[in-house]
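Below: one structure, written as structure tokens.
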Amino acid sequence: MKKATNKISNQFLVHFLIIFLITLLATALTFILISAVSGVISARLAKNRYPASSIIREDYSQIDAAEVVKSGGGVQVIDKNYSVVFSAGLDTINKGQLSAQEFTALLTESKNMPYHYDILYQPEGEFWLIVTFPTSLRLDFKLIYNKDASPGDLLYAGGAFSAALLIYILMIALFSYSYSRITARKITIPLKKLCEGTRLLREGDYSARVELNLKNEFAQLQDTFNEMAEVIERETALRKKAEENRRRLVLDISHDIKSPLASIQGYAELLMEKSQSPELKAIHQNSIRANRLLGELFEYSKLDSPDFKLKAEKTDLCEALRQICAEIVPQLESAGFSYSFDIPENGICAILDEANFRRIIQNLADNAMRHNPQSGTVWVKLAVVDGNAEIEFGDDGKGIPQDMAQRIFQPFVRGDDSRNSGSGGSGLGLSIAKKIAAAHGGDLVLCPSEKGSVFKITVPLI
């Protein structure tokens, strides 16, 4: 999920860079457009149609101010003594006589006023002509370069202009980056919550729900997710209940049938003392097999029950394994098998339910003796690997077909794939052994082998 949200965040950063570049381009185009519009507007403004240079005369009495006044402007003439000797139309001076300071202020501060002043001096007539128009809109920005300027001034002005441009670019970058991160979080945070809810569902927590508190498409996705989780939780609860009912039914049936089967086996043995008819032998053998199957089915269902708990305690695994191996020796010898045990002398401690753990080895030994020809060899080896005890139980028999290797631990799966073979196996021995290993926090697996079968039991050590 983290990689996915990082990819989305990176995509937003790429979009931020594109927006940033587009913004800079748009800014440059805006200045060009403003310049073009300024030229168009300038040609139509009254102040540019009637500049002072177009109406000035050597004798100010000959100046025609009618068109200027008609266009909303004004004309004033100031002589060398700073007296207003002619005025027509708009008059922003409102005085007949100016001091030198007032006239200087008019010349220097006219650009800061809401009027446009076009001031021109007539040396022959010794007067100043002032044409005034109200300013409609003013945007004072002009980039001028003069190579004759002082190098220091040019350097300072260039530095100030570059600094302002850099600050502008950084501001755009900061705003764009902040916006991209905020936008990304509005998407990645709901995604993270949805992925976390999905992870909880995958791990078996079917009560997981997602609360986004949004009113967009994510809210619809949230509702869909929560409805799906509710359906899964309900169906899972029903399935668990059905599975539990099935287990209890198997336990109850196994328990109820066990006594009648034991009676059949007992009566068959009693009758066989008086007669050795084939029919009685068949009844006796099948009753033994049915009792074994019923017992293992009962055992398998019990291990699968949620009420099942190991009676585990700290145990010397080496000593326990030696005792278990000693118990199966008579069976191996009786079946014509040789054996080899490699168990360390030093103690290795694990938390074991010794009675159930014994069942693993016993089932593997029964499996080896049942499915392999006599005169074979069975071996057991114990080693410590990465803090775990690894017990290998192997034989040099005919092995397990490759197509059965993936299914061998499933209930009622047999190496010879026959429920009625003479081996007498129930098909539950390996399933029971694997469940017991898992209950100890370990595992039971079938290892690849060139000859025979090799099973590995893993048990965590303390």
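Only the coordinates and a few stated rules stand behind these numbers; no lab work does. Just so we're clear, the structure is a prediction, and the values are computed from it rather than from any experiment. Every residue, glycine as well, gets a Cβ built from its backbone with ideal geometry; the counts of neighbours run over all protein chains shown.
A few points about this structure:
- Restriction of the GluC sites (Glu not before Pro) in segment 240-283 to DSSP coil positions whose beta-carbon has at most 13 other beta-carbons within 10 angstrom yields E273.
- Residue pairs, from the table K111/K147; K381/K456; K240/K456, whose Cα atoms sit over 21 Å apart: K111/K147; K240/K456
- Extension gain from T108 to T27, taking 0.36 nm per residue of separation minus the Cα-Cα distance: 26.0 nm
- In plain terms, the chain from S150 to A173 could stretch by 4.9 nm, reckoned as 0.36 nm per residue minus the Cα-Cα distance.
- Sequence-separation-based contact order of segment 217-303, relative, with Cα cut under 8 Å and 6+ spacing, percent: 36 percent
- Relative contact order (percent, whole number), the chain, Cα cutoff 8 Å, 6+ residue spacing: 10 percent
- Selection from A290, I41, S53, by position along the positive dipole direction of the chain (Cβ): A290
- Estimated inter-spin distance, R209 and E227, nm [label 7 Å along Cα→Cβ]: 1.5 nm
- Among the trypsin sites (Lys or Arg not before Pro) in segment 282-365, those located in a DSSP loop and surrounded by at most 16 other Cβ atoms within 10 Å of their own Cβ are K309, K311.
- Prolate/oblate/rounded label for segment 12-93 (Cα gyration tensor, a/c 1.5): prolate
- Stretch in the chain that is longest and holds no chymotrypsin sites (Phe, Trp or Tyr not before Pro) that DSSP places in a loop and that have at most 10 other beta carbons within 10 Å: 146-462
- Residue-wise HN-Hα coupling along segment 210-222, computed from phi with Karplus coefficients 6.51, -1.76, 1.60 (Hz; x: Gly, Pro): 10, 10, 9, 6, 10, 10, 10, 4, 5, 5, 5, 5, 4
- Between segment 51-77 and segment 161-221, the Cα center-to-center distance that results, in Å: 66 Å
- Candidate lysines - alpha carbon under 28 Å from K274, same-chain residues fewer than 8 apart omitted: K258
- Shape of segment 217-303, Cα gyration tensor, a/c cut at 1.5: prolate
- A DSSP coil position with no more than 15 other Cβ atoms inside 10 Å describes the following GluC sites (Glu not before Pro) in segment 136-227: E203, E211.
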